Amino acid sequence: MALAAGFAPGALASTAGGATQASAAYVQADYALVRHADATAGVARAAIAGVLEGARLECPQAGARSPQDAQSTQMSDEVIGAMVLSAIHHEFPQIHAFLRAVAPLRWSVPAVGSAVISYERKLSTMASLSVPPLCADVRAWAADGFSALPAGTVSFDARFMPAWVAVGDLPGALARLEAPGTRALAASAVRLEERIAEFEAGEVETWGHIMNALELWP
């Protein structure tokens, strides 16, 4: 079979080897990130519980008689953002370490490169956001007669929602670039990512409690 134009056998081998090395480096960085996130799940759980406690103590029923419409969906998105950022705030040093580790990596497979770059950008945006002032924003919305959302809610949602990703991601296309010695670590990372996903799914109930405490509609 003829090689693609512009690739000599040596160059092709070099590209493949570089992709394998990049894959190994990415898997190691991802594993370090999700291992820490899994080990500190209790901290994340307590932080999310703090959002609920804050709603119950600081601004209970702040959204009473609020409508169920596009604006209420945006306010619900802010609730989600408050939960997520509170949960991962202690992970910011590990997230930044992950981003530094993967930033220099280059990929010969476009599907892998685009997936990694997209994830980097989203995770970087998440790590640049502050927990929104949920009670203040719900009160401001109510004070306006629920006619217009606070500017802070609108701007926060515009940044958070497109960037919302889980902590830890191994693109499916990465598997074919993994060397045999990397596959066991990748499998461990995937198991930890699944545990983190289960934790996040379990917190949907807490989101419902926060919405009820504030008397908000999704």
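We did not get these values from a lab; they are worked out from the coordinates using the rules stated. From a predicted model like this one, the values you see are computed outputs, not experimental measurements. As a convention, Cβ positions derive from the backbone with ideal geometry for all residues, glycine included, and neighbour counts pool all protein chains shown.
Near Arg183, within a Cβ-to-Cβ distance under 14 Å, what is the net charge of the other residues, with Lys and Arg +1 and Asp and Glu -1? Mind showing how you got there, number by number?
Details: positive: Arg176, Arg191; negative: Asp30, Glu178.
Local charge sum for Arg183: 0.
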- Message: How much length would be gained if the chain were fully extended between Lys122 and Leu57, taking 0.36 nm per residue of separation minus their Cα-Cα distance, in nm to one decimal?
- Response: 20.2 nm
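Tell me the trypsin sites (Lys or Arg not before Pro) within the stretch 73-128 that lie in a loop according to DSSP and have at most 13 other beta-carbon atoms within 10 Å.
Sparse-neighbourhood loop trypsin sites (Lys or Arg not before Pro): Arg106.
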- Query: Arranged by the count of other C-beta atoms within 10 angstrom, fewest first, what order do Glu193, Glu200, Glu205 take?
  - Reply: Glu205, Glu200, Glu193
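Give me Rg/Rg_expected for the stretch 18-214, where Rg uses Cα atoms only and Rg_expected = 2.2 N^0.38 Å with N residues. Numbers along the way, then the final one.
Working: Rg = 18.9 Å, N = 197, 2.2 N^0.38 = 16.4 Å.
With N residues counted in the stretch 18-214, Rg over 2.2 N^0.38 Å equals 1.15.
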- Message: Once you place label points 7 Å from the Cα toward the Cβ at Ala197 and Ala179, how far apart are they in nm?
- Response: 2.8 nm
- Item | the chain - charge dipole about Cα centre, Lys and Arg +1 at Cβ, Asp and Glu -1, debye rounded to 20 | 740 debye
- Along the Cα-to-Cβ line of Asp69, 7 Å from the Cα, sits a label point; which residues in the stretch 184-218 have backbone N less than 15 Å from it? 217-218
- Farthest positive-ward along the stretch 18-214 dipole, Cα basis, beta-carbon charges - from Ser118, Ala55, Pro150: Ser118
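For Thr182, Thr73, which order do you get if you count the other beta carbons within 10 Å of each Cβ and list the fewest first? Mind showing how you got there, number by number?
On the way: Thr182 21, Thr73 13.
Ranking Thr182, Thr73 by Cβ neighbours within 10 Å, fewest first, gives Thr73, Thr182.
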- Note on the structure: Of the residues Leu192, Trp217, Thr182, the Cα lying farthest along the dipole of the stretch 178-218 towards its positive end, which is defined by charges on the beta carbon of Lys, Arg, Asp and Glu, belongs to Thr182
- Most exposed first by the Cβ proxy, i.e. fewest other Cβ within 10 Å, how do Met126, Met211 rank? Met211, Met126
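I need the trypsin sites (Lys or Arg not before Pro) found in the stretch 144-189, filtered to DSSP loop residues with at most 16 other beta carbons within 10 Å of theirs.
On the way: sites: Arg159, Arg176, Arg183; in loops: none.
Passing both the DSSP loop test and the Cβ count: no residue.
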